[in-house]
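S.K.: Attaching a single structure in structure tokens format; questions to follow.
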Amino acid sequence: MSDRIIPEATKRRMPIYYKYFKSQQEAGTKRVSSKSISDSLDIDSATIRRDFSYFGELGRKGYGYNIDSLVDFFSEQIFGKTVKKVAIIGVGNLGSALLRYNFGGNVSNSMQLVAGFDIDETVIGKTIGNCVVYNMDELNHIVKEKNINIAILTVPKESAEEAKIAIENAGIHGIMNFAPVKLTGHEGLVIHDVDITLELQSLCFNMKLSRGE
Ligand SMILES: NC(=O)c1ccc[n+]([C@@H]2O[C@H](COP(=O)([O-])OP(=O)(O)OC[C@H]3O[C@@H](n4cnc5c(N)ncnc54)[C@H](O)[C@@H]3O)[C@@H](O)[C@H]2O)c1
């Protein structure tokens, strides 16, 4: 890979490309042009070529891109060489819905939801989706036993800091945080905040722009 710094916008498009190439592979497509990627994803061809240029030569001019190679390449760029094992911390309304959803079953070869954790005795010991809900006290040893690398944090905001410390101490390096609170961790801990309200506001803004208001 080029040692140029990859822009945030390119990083955000990586999973979008991967999802598209995966769907094309499943449909039996062997080769795609940047024009067909552009038309399908509504991203202009120049942006696609610039995004891909950060990763070296992925296709030949006039010949298009080989789908199998792209799927392998993007899969390794996004997930690395090991399957990512994911746990839900806080199995209430949102956490249990995510356990049942289980990534829609779409990416199970690269990411697996393997456990839930909670402090509430009424949910501990239950199986939701395919996952057992464990007591938070068991976090350290279950993380080691199941090689968990990522935590999805769905606890109330008052508990988020405490839960983050427990996650960090268990040796997990990635948190997807749904709690409405800004968390920081030690260097090497990557935290992504997810906020459906921001997405909705962005949708409102785009609707307003598209109507020319
Ligand atoms: N970002 C978004 O778009 C979005 C959308 C919906 C909800 N949320 C947030 O997600 C979080 C969960 O919402 P909910 O409706 O599922 O709440 P909930 O109260 O139904 O569930 C929270 C769960 O966390 C558990 N919990 C509390 N402290 C814990 C701890 N220290 N360790 C482990 N588990 C703990 C509780 O026992 C409970 O089961 C809230 O912070 C909410 O504000 C965010």
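S.K.: More than 21 Å from the chain's Cα centre (by Cα) and either crowded, with 21+ Cβ neighbours inside 10 Å or modelled with pLDDT of 95 or more (or both), is that true of Asn147? Don't jump to the end; show me each part of the working.
M.R.: Details: more than 21 Å from the chain's Cα centre (by Cα): no; either crowded, with 21+ Cβ neighbours inside 10 Å or modelled with pLDDT of 95 or more (or both): yes.
So Asn147 does not fit the description; no.
S.K.: With the structure loaded, tell me whether Arg211 is charged (D, E, K, R), more than 25 Å from Val83 (Cα to Cα) and surrounded by fewer than 17 Cβ atoms within 10 Å (Cβ to Cβ) or whether it fails that test.
M.R.: Yes; evaluated as a whole, the condition is true for this residue.
S.K.: Consider Lys182 against the criteria (1) in a loop (DSSP other than H, G, I, E, B); (2) open to solvent by less than 60 Å² (accessible area, probe 1.4 Å); (3) under 23 Å from Gly92 (Cβ atoms): it satisfies all of them except one. Which criterion is unmet?
M.R.: (2)
S.K.: Name the pairs whose Cβ atoms lie under 8 Å apart, with the first residue in the range 81-105 and more than 18 Å from Ile119 (Cα to Cα), the second in a helix (DSSP H, G or I) and at pLDDT 90 or above, and 6 or more positions between them or separate chains?
M.R.: Lys85/Lys146
S.K.: Same structure again: Would you say Thr10 is in contact with a helix residue (DSSP H, G or I) (Cβ under 6 Å, 6 or more places away or on another chain), closer than 16 Å to Ile78 by Cα and touching a residue at least 24 places away in the same chain (Cβ under 8 Å)?
M.R.: Spelling it out, Thr10 is indeed in contact with a helix residue (DSSP H, G or I) (Cβ under 6 Å, 6 or more places away or on another chain), closer than 16 Å to Ile78 by Cα and touching a residue at least 24 places away in the same chain (Cβ under 8 Å).
S.K.: Determine which member of the set Val155, Val91, Val86 is touching an Asp or Glu at 6+ places or on another chain (Cβ under 6 Å) and either open to solvent by less than 50 Å² (accessible area, probe 1.4 Å) or in the same structural domain as Asp51 (by TED's automatic domain parsing) (or both). Full working, then the answer.
M.R.: On the way: Val155 fails: touching an Asp or Glu at 6+ places or on another chain (Cβ under 6 Å); Val86 fails: touching an Asp or Glu at 6+ places or on another chain (Cβ under 6 Å).
So the residue among Val155, Val91, Val86 that is touching an Asp or Glu at 6+ places or on another chain (Cβ under 6 Å) and either open to solvent by less than 50 Å² (accessible area, probe 1.4 Å) or in the same structural domain as Asp51 (by TED's automatic domain parsing) (or both) is Val91.
S.K.: Additional query: Is there a residue being in a loop (DSSP other than H, G, I, E, B), in the same structural domain as Ala115 (by TED's automatic domain parsing), open to solvent by 20 Å² or more (accessible area, probe 1.4 Å) and within 12 Å of the ligand (Cβ to nearest atom) anywhere in the range 169-178?
M.R.: yes
S.K.: So Ser53 ticks every box in (1) open to solvent by less than 20 Å² (accessible area, probe 1.4 Å); (2) under 24 Å from the mean Cα position of the chain (by Cα) but one. Which box is left unticked?
M.R.: (1)
S.K.: Next up: Examine the range 130-141 for a residue that is buried (at least 18 other Cβ atoms within 10 Å of the Cβ), within 14 Å of the ligand (Cβ to nearest atom) and not in a strand (DSSP E or B), and state whether such a residue exists.
M.R.: yes
S.K.: Of the residues Ser110, Ser96, which single one is outside the structural domain of Ser23 (by TED's automatic domain parsing) and more than 15 Å from the ligand (Cβ to nearest atom)?
M.R.: Only one candidate passes the filter, namely Ser110.
S.K.: Do you know which of the residues in the range 115-129 that are open to solvent by 60 Å² or more (accessible area, probe 1.4 Å) and within 9 Å of the ligand (Cβ to nearest atom) is farthest from Val83 (Cα to Cα)?
M.R.: Looking at the filtered set, the residue picked out is Thr122.
The values are calculated or read from the model by the stated rules, or taken from the named source; none is laboratory data. Note that this is a predicted model, so its numbers are computed, not measured. Glycine gets a Cβ as well: all are built from the backbone with ideal geometry, and neighbour counts include every protein chain shown. All accessible areas refer to the heavy atoms of the entire protein, side chains included, with ligands and DNA or RNA removed. Shrake-Rupley method; radii C 1.70, N 1.55, O 1.52, S 1.80 Å.
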